[in-house]
Structures are given as structure tokens and as C-alpha cells.
Amino acid sequence: MLLLDRTGAIDDLWPAAGETLPEAGRVLVPLARLDEALETGLELGVDIPNTTDPQLLRPHLNRLAMISVDFPGFADGRGFSIARCLRTEGFLGRLRAAGPVISDQFAYLLQCGYDEVALPEDVAERQPVGHWMAQLQTISAGYQRGIAGRGSILDQRRGHA
């Protein structure tokens with residue numbers, strides 16, 4: 001797995017939960033184990049399918065340090081909406097898109113609120129880090145306002161009027 005953020009390749013600081021949860025530190029648990037993990041003092045991350053209603057996490061957002069959203073394929077855009085909802089609800093932790101997204105989507109993922117992208121090896125081989133970093137320079141305006149503070153094309157036009 002290749003993990004990227006807006007600076008390039010990064011180390012994965014979130015180990016996946018094993019059969020038993022660790023006694024201390026960070027852990028990434030599947031959604032099915034969230035209730036169990038919430039009873040610990042661990043620094044928690046949760047891995048959710050892109051079919052999850054983000055409102056289910058709302059009562060726990062202050063307890064979660066990381067949320068990883070699974071993308072089953074690059075053409076399935078539900079993960080973009082989940083990120084936007086989580087950020088709008090006030091989630092301030094790390095947000096990860098995990099799955100076979102493509103480099104063309106990188107700027108949009110960041111604009112929706114993702115901090116990092118976890119790629120399967122086959123995608124990382126086809127699209128190395130340089131492709132992903134180049135994508136950050138290709139989009140200068142968007143139709144929607146981004147979570148990251150970038151205005152929309154309409155905002156830009158109004159500013160010049």
C-alpha cells in the first residue's frame with residue numbers, strides 16, 4: 001500500500017486492529033468493532049465502508065482521531081460526499097480515502113476534506129507519486145467551494161466584478 005498526502009509519500013501511523021486491541025497507542029478498527037474500541041483509552045481510527053451514513057459517527061467524532069473511508073472503485077463517488085459531511089459536522093481528525101482512486105481525483109479528494117490517500121499496490125505501480133503530485137497543479141478553480149477554503153468559480157467571478 002502506498003500512502004500519500006499533499007506532500008508526497010508518507011508513513012502509515014495507523015496499525016490495523018488484530019484479534020485483540022493493543023493496550024496503548026493508536027489503532028485503526030473496522031466499523032463493526034468501534035463500540036468495543038470506544039471503551040478503551042486508545043487513540044482511535046475507524047475504517048468505514050462508503051455505504052456508511054456519516055451521521056452514525058456523529059456522536060463519536062470528538063473521540064476519533066482518524067477515519068478511513070473505503071473506495072471500492074474510482075467511479076464510486078460516495079466517499080467524496082462522506083468526507084464533505086464529516087468535515088461539515090466538525091470532524092477535525094485525519095481523513096483517509098482508501099482504495100483504487102486515480103490521480104486525476106487527488107485534488108478533489110483534498111478539496112472535499114481528505115488528508116491522505118491509501119492506494120493498492122497495482123494503482124501505485126501504474127500511477128507513481130509524481131503523477132499524484134502533478135495533479136495538485138492542474139486544477140485552479142472548482143464549481144463547488146472546498147473544505148480547504150478554496151472558493152468556487154462563482155466566488156472568483158464575483159471578486160473580479
What angle do you read, to the nearest 10 degrees and between 0 and 90, between the alpha-carbon axis of helix 78-88 and the longest principal axis of the chain? 90 degrees
Taking the DSSP beta bridges in the chain as the whole, what percent of them are antiparallel, to the nearest 5? 25 percent
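Which percent of the accessible heavy-atom area of the stretch 1-141 goes to carbon and sulfur, probe 1.4 angstrom?
For the stretch 1-141, the apolar C and S fraction of the accessible surface comes to 53 percent.
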Given the -39500 (n - 2.57) contribution per DSSP H run of 4+ residues, what per-residue ellipticity at 222 nm results for the chain, rounded to the nearest 500 deg cm²/dmol? -7000 deg cm²/dmol
Relative contact order (%) - criterion: Cα under 8 Å, at least six apart; region: the chain: 21 percent
In square angstrom, what is the accessible area per residue of the chain with a 1.4 angstrom probe? 55 Å²
Note on the stretch 1-55: the mean projected area of its alpha-carbon convex hull, in nm², is 5.1 nm²
Normalised Cα Rg of the chain, dividing by 2.2 N^0.38 Å with N its residue count, works out at 1.09
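The values are calculated or read from the model by the stated rules, or taken from the named source; none is laboratory data. If you're wondering where the values come from, they're calculated on a predicted model, not measured in any experiment. Heads up: the accessible areas ignore ligands, DNA and RNA and are worked out on the full protein's heavy atoms, side chains in. Shrake-Rupley method; radii C 1.70, N 1.55, O 1.52, S 1.80 Å.
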